[in-house]
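**Q** After the structure tokens below, expect a handful of questions from me.
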Amino acid sequence: MTQRRVRVSTESPSYTICVVGTEVSIDIYGSIPSGATSFDARGTSGVRVYVVYNPSAVKKPAGASRWTLNSQVEVIVSMDIPSSTVNDSKVRISYYGQKENAPIEGAWLYLTCVNVSLDADTDRSGMVKSNGTNKTKWMWGPDGQGAVLLVNCDRDSPGSKHMDSAYQYVQSYAAANADLFSFQDLQDMSLMILRIQGPSAIFADYKLVLHVSVSDVDKVRVFHANGSGSLAQYEHVLGSDKLSYVVDRPSGQEEETFYVEGLAFPDADFSGLVSFSVTLLEVSDKNAPDTPVFTDTVVFRVAPWIMTPNTLQPLEVFVCSMERDSNPNGDFLEALRALVRKANCKLTVCPEVENRHDRWIQDEMEFGYVEAPHKMFPVVFDSPRDRGLKDFAFKRILGPDFGYVTRVPPYGHVSSLDSFGNLDVSPPVTVQGKTYPLGRILIGSSLPRSGGRRMTRAVRDFLYAQKVQRPVELYSDWLSVGHVDEFLSFVPAPDRKGFRLLLASPDACYKLFKEKQREGNGNAVQFAGLDNVKTITIDEMLADKTLRSDSEYVQSCIDWNRHALKEELGLTEQDIIDIPQLFVLNSSRADAFFPDMVNMIVLGKHLGIPKPFGPIVDGRCCLEENVRSLLEPLGLTCTFINDFFSYHTLFGEIHCGTNVRRKPFSFKWWNMIP
């Protein structure tokens, strides 16, 4: 509770303003009349007057209300109801001599009470309530409090070439556009209401100033609703280059409405917390600064960008058409269309004129979303790889209620590990009592303390700063392409933790092939039915020392990740399924020997798995049959799709060549404790 000190005098009345919820300390010692030894203090109706004293030095008077004039006695006044007129409440300090029953002199303090409250949706109910408590602290958890702010990074204005308010900021331009593009733009913003009660005449001597700190001014923008009708009546008053705004109070108007938008996601140099304050200033009638009387502050947290795991419902699948390419994918597209129909979701095909011979749509972008109590919308994270698809997310996906964000390294250097096939997220997990209700982000990197490839710091810093899906860095630099989706995936499951982790496994593949060899099928061949691809029998694969050596090395790399995933995601062996897969080393880094089956697309219970062209045993591919036996008991349907020439020979698979937008979590991120 804020407290001010006001001096009174027996020579002339004093005047001050009292804000509801605050205290005023009266200095009764500045003009004590001669001979005075005690005093009493009384207020008119609506004024609470009480005395604070040190009981070890001052004795409370018995019966009579006179107090000894002692420096350790203080008079405090407060008011709970705003005044109707200026100076309509009073406090009288009466001074008494040692023997007199009547006061020898008195001092008057005239009070005008006002209520000033800066409010936002601090209880996260979707509504702005008056005089919220603990507005200056933002707390996580179901019992926490604090308002939420969205980065306004969609494009609501039809035909606009730009994003909404955040466009220039996100694109690293110098300044944000100061205009609203549409009324729909306001719906993305958080309300902040300034409530003012009390006589309007008092503001001849006082003024209200809304302000934001220098450190936050480039992270937000605030618009003042000065009327209704046109967009021009929403004045840009704070943010960008505006630090403060004097609120002109129309006569009798008790509420001023402001709309607040974020311009920046949390990042390495930004915690995501932003505070706004309103200060009541007493206007000086001299050539001196105005005097602050009262300040009210409210804190917002910018909503994080949240990724969605495979276990969430698919809404839309994205894929590129490569019909005129030297490695066309027409048959693959037809198979994918059939799978998408079964999964009952939308299919969006990026034509060749837009993909510019770049089929790796998973590598270009990742879908997520942002959420506040009043609004939620998807946001696409555009990777810094910037090949043929570099403009697709911005030109085709960004739109009304569909946001966009990107991070680019300062010097423009990117590696294969900056592609978003190297970015995944687990389903919700609990690790040693710590719950991650939104899962944990997984990114591939080099081994600790080694000098290999890593995802660029600009992207890693962004992912860590979101807080709600604390990243796990895995070891993927042993792969030629270097992406985590080459050796892991998650699928939904009806039991245990609600999912299984799939890991590529050379050991599982050798175990399967040895079993088929013992059964007398050593002559069954890998790659049968593929034009111009050399076949190899099970016997030959098992006898190939180089293939065996390469696969043993790869298994050791996957085992390193297996241990890390068990530790960081709280998994046991029962949560992991080994998918048979062989790898070969090229220039000391690994590639899949046959189509990489963990690099699949997961659409609910429907799995689109790269067709491995494995040895045919009893009329069926033994690799496919093995995978079916592992996954179909979970209620999953396995559809094996031929991607051999359209993706596999180009060092990618189905997951690399597709992308999925999914339904957001029902869990509210602010209810977790990071």
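The values are calculated or read from the model by the stated rules, or taken from the named source; none is laboratory data. As the structure is a prediction and not an experimental result, all values here were calculated from the model. Virtual Cβ from ideal backbone geometry, glycine too; neighbours counted across all protein chains shown.
Here is a yes/no grid of residues against (1) in the same structural domain as R628 (by TED's automatic domain parsing); (2) buried (at least 16 other Cβ atoms within 10 Å of the Cβ); (3) under 27 Å from F645 (Cβ atoms):
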| site | (1), (2), (3) |
| --- | --- |
| T535 | yes, no, yes |
| Q555 | yes, yes, no |
| I558 | yes, yes, yes |
| G570 | yes, yes, no |
| I576 | yes, yes, no |
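**Q** Could you list all residues from segment 306-356 that are polar (S, T, N, Q) and farther than 26 Å from V425 by Cα?
**A** Across segment 306-356, the qualifying residues are S321, S326, N327, N329.
**Q** Do we have Y234 as more than 26 Å from G146 (Cα to Cα), aromatic (F, W, Y) and buried (at least 19 other Cβ atoms within 10 Å of the Cβ) here?
**A** Criteria not met by Y234.
**Q** In addition: Looking at the structure I just gave you, is A62 aliphatic (A, V, I, L, M), more than 57 Å from the chain's Cα centre (by Cα), exposed (fewer than 15 other Cβ atoms within 10 Å of the Cβ) and not assigned by TED's automatic domain parsing to the domain that holds D205?
**A** In short, yes.
**Q** Condition first: in a loop (DSSP other than H, G, I, E, B) and of a type outside the set (S, T, Y). Now tell me which residues in segment 1-38 satisfy that.
**A** M1, V8, E11, P13, V20, G21, I28, G30, I32, P33, G35, A36
**Q** How do the strands (runs of 3 or more DSSP E) wholly within segment 73-138 filter down when requiring 1 or more residues that are farther than 30 Å from S38 by Cα and in contact (Cβ under 8 Å) with a residue 12 or more places away in the chain: which remain?
**A** Those strands (runs of 3 or more DSSP E) span 105-119.
**Q** Criterion first (over 44 Å from the mean Cα position of the chain (by Cα), touching a residue at least 40 places away in the same chain (Cβ under 8 Å), over 22 Å from I443 (Cα atoms) and not in a helix (DSSP H, G or I)) does L530 satisfy it?
**A** Considered against the rule, which asks whether it is over 44 Å from the mean Cα position of the chain (by Cα), touching a residue at least 40 places away in the same chain (Cβ under 8 Å), over 22 Å from I443 (Cα atoms) and not in a helix (DSSP H, G or I), L530 comes out as yes.
**Q** Now a separate question. How many residues are over 21 Å from L150 (Cα atoms) and either in contact with a helix residue (DSSP H, G or I) (Cβ under 9 Å, 6 or more places away or on another chain) or free of Cβ contacts under 8 Å to residues at least 12 places away in the same chain (or both) when one looks only at segment 389-413? Reasoning before the result, please.
**A** Filtering segment 389-413 down to residues over 21 Å from L150 (Cα atoms) leaves 389-392, 395-396, 408-413.
Filter once more, keeping what is either in contact with a helix residue (DSSP H, G or I) (Cβ under 9 Å, 6 or more places away or on another chain) or free of Cβ contacts under 8 Å to residues at least 12 places away in the same chain (or both): 389-392, 395-396, 408-412.
Matching residues across segment 389-413 total 11.
**Q** Determine, yes or no, whether G159 is within 23 Å of F223 (Cβ to Cβ), under 24 Å from the mean Cα position of the chain (by Cα) and at pLDDT below 95.
**A** Here the answer is no, as G159 does not meet what is asked.
**Q** I would also like to ask the following. So is R518 at positive phi, among the basic types (K, R) and in the same structural domain as F651 (by TED's automatic domain parsing) or not? Please lay out each step first, then the result.
**A** Numbers: at positive phi: no; among the basic types (K, R): yes; in the same structural domain as F651 (by TED's automatic domain parsing): yes.
Here the answer is no, as R518 does not meet what is asked.
**Q** Inside segment 260-288, can you point out the residues that are over 19 Å from the mean Cα position of the chain (by Cα) and surrounded by 16 or more Cβ atoms within 10 Å (Cβ to Cβ)? First the steps, then the outcome.
**A** Keep residues of segment 260-288 that are over 19 Å from the mean Cα position of the chain (by Cα), which gives 276-288.
Hits for segment 260-288 are F276, S277, V278, T279, L280, L281.
**Q** Quickly run through segment 184-221 and pick out the residues that are part of a loop (DSSP other than H, G, I, E, B) and under 36 Å from the mean Cα position of the chain (by Cα).
**A** D188, M189, S213, V214, S215, D216, V217, D218, K219 - these are the residues of segment 184-221 that are part of a loop (DSSP other than H, G, I, E, B) and under 36 Å from the mean Cα position of the chain (by Cα).
**Q** Still on this structure, I have one more. Count, please, the residues in segment 376-421 that happen to be β-branched (V, I, T), assigned to a loop (DSSP other than H, G, I, E, B), buried (at least 18 other Cβ atoms within 10 Å of the Cβ) and within 20 Å of the chain's Cα centre (by Cα).
**A** 0
**Q** In segment 643-674, what count of residues is obtained for those that are farther than 30 Å from D401 by Cβ, surrounded by 19 or more Cβ atoms within 10 Å (Cβ to Cβ) and of a type outside the set (S, T, Y)?
**A** Result for segment 643-674: 5.
**Q** Let me spell it out: the conditions are (1) over 30 Å from R301 (Cβ atoms); (2) touching a residue at least 40 places away in the same chain (Cβ under 8 Å), and D618 meets all of them except one. Which number is the exception?
**A** (2)
**Q** Answer yes or no: is there a residue in segment 289-297 that is under 26 Å from the mean Cα position of the chain (by Cα) and surrounded by fewer than 20 Cβ atoms within 10 Å (Cβ to Cβ).
**A** Yes - at least one qualifying residue is present in segment 289-297.
**Q** Look at G604 and say whether it is in the same structural domain as R440 (by TED's automatic domain parsing), at pLDDT 95 or above, farther than 27 Å from T308 by Cβ and of a type in the set (G, A, S).
**A** The answer is no for G604.
**Q** Would you confirm whether or not segment 509-524 contains a residue that is assigned to a loop (DSSP other than H, G, I, E, B) and within 27 Å of G482 (Cα to Cα)?
**A** no
**Q** Further, regarding this structure: For S78, indicate whether it is in the same structural domain as L109 (by TED's automatic domain parsing), small (G, A, S) and closer than 30 Å to L208 by Cβ.
**A** So S78 fits the description; yes.
**Q** State all residues of segment 414-449 that are in contact with a Pro (Cβ under 8 Å, 6 or more places away or on another chain) and on the phi > 0 side of the Ramachandran plot; if no residue qualifies, say none.
**A** Listed by number, the list holds a single entry, G439.
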